[in-house]
Amino acid sequence: MKRISITVLFLVLAAAFGAPAPASAHCQIPCGIYDDELRVQLMEEDITTIEKSMTQIVALGAATPVDYNQLVRWVMNKEEHAQKLQDIVTAYFMAQRIKPPTDLTDEAATKDYVNKLTLLHAIQIHAMKAKQSTDLAEIATLRDLVSQFRKAYFGEEAKHTH
C-alpha cells in the first residue's frame, strides 16, 4: 500500500511540475483577450522578420569564411517566424474567426467566406515556401496577400496605422 501511495504521489508531482506545454497562437477559449488587428500586425511583423532572416542567410552564405553558427541561427529564426505566421492563420483566423455563412444560399456571404479562406490558404502556402528558400519574391507575395486579407476581413475602409 505504501508503495502505491509513493507511486501515486510521484505521478501527481510529475504531472504538476512536468514539462510545460508549448504555447499556441491562441487558447481557443472565447476569452475576448485577443485583438484581430493585432494578429494582422503580428503577421506583418513575422513577414518582416522572415525577410531580414533571408537577407542575413544570403549574406552569411556568401561570406568567407562562412559563419555557420550565425547562418544556422538565421535559418532557425526564419523557420520560427514562418511557423508563427502559419499558426496565426490556422489557429486564430481559420479555426476561430472566419465563420461559414449561416445561410448557404446567400451567395454574397458564401463568396466572402471563400475569398477569406482562399487568401488565408495562400498565406499558408507562401509561408511554407518562405521556409524552403531565401527567395524575396515570397516576401512580396506574403505582404500582398496579407494586405488583401486585411481588406477582405476588415472592409475596404480598413487603414493600417501605427
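The values are calculated or read from the model by the stated rules, or taken from the named source; none is laboratory data. Remember, it's a predicted structure, so these values are computed and weren't measured experimentally. Cβ: placed from backbone, ideal geometry, glycine included. Neighbour counts: every protein chain shown. For accessibility, only protein heavy atoms count, side chains too; no ligands or nucleic acids. Shrake-Rupley method; radii C 1.70, N 1.55, O 1.52, S 1.80 Å.
A few remarks follow.
- Between ALA95, ALA91, ALA108, ALA62, the distinction of being of a type in the set (A, V, I, L, M), open to solvent by 60 Å² or more (accessible area, probe 1.4 Å) and touching a residue at least 60 places away in the same chain (Cβ under 8 Å) belongs to ALA95 only.
- Residue list for the range 93-122, filter: over 16 Å from LYS151 (Cβ atoms), within 15 Å of the chain's Cα centre (by Cα) and modelled with pLDDT under 95: ALA95, GLN96
- Of the numbered criteria (1) surrounded by 15 or more Cβ atoms within 10 Å (Cβ to Cβ); (2) over 12 Å from the mean Cα position of the chain (by Cα); (3) in contact (Cβ under 8 Å) with a residue 60 or more places away in the chain, the one THR55 fails is (1).
- Residue match in the range 38-57 (condition: touching an Asp or Glu at 6+ places or on another chain (Cβ under 9 Å) and of a type in the set (Lys, Arg)): no
- Condition check for VAL75: in contact with a helix residue (DSSP H, G or I) (Cβ under 7 Å, 6 or more places away or on another chain) and under 17 Å from ASP36 (Cα atoms): no
- Of all positions in the range 140-159, at least one carries a residue that is touching a helix residue (DSSP H, G or I) at 6+ places or on another chain (Cβ under 7 Å), open to solvent by less than 40 Å² (accessible area, probe 1.4 Å) and modelled with pLDDT under 95.
- Answer residue from the range 123-139, given it is more than 14 Å from the chain's Cα centre (by Cα) and within 14 Å of ASP46 (Cβ to Cβ) and is least open to solvent (accessible area, probe 1.4 Å) among those: ILE139
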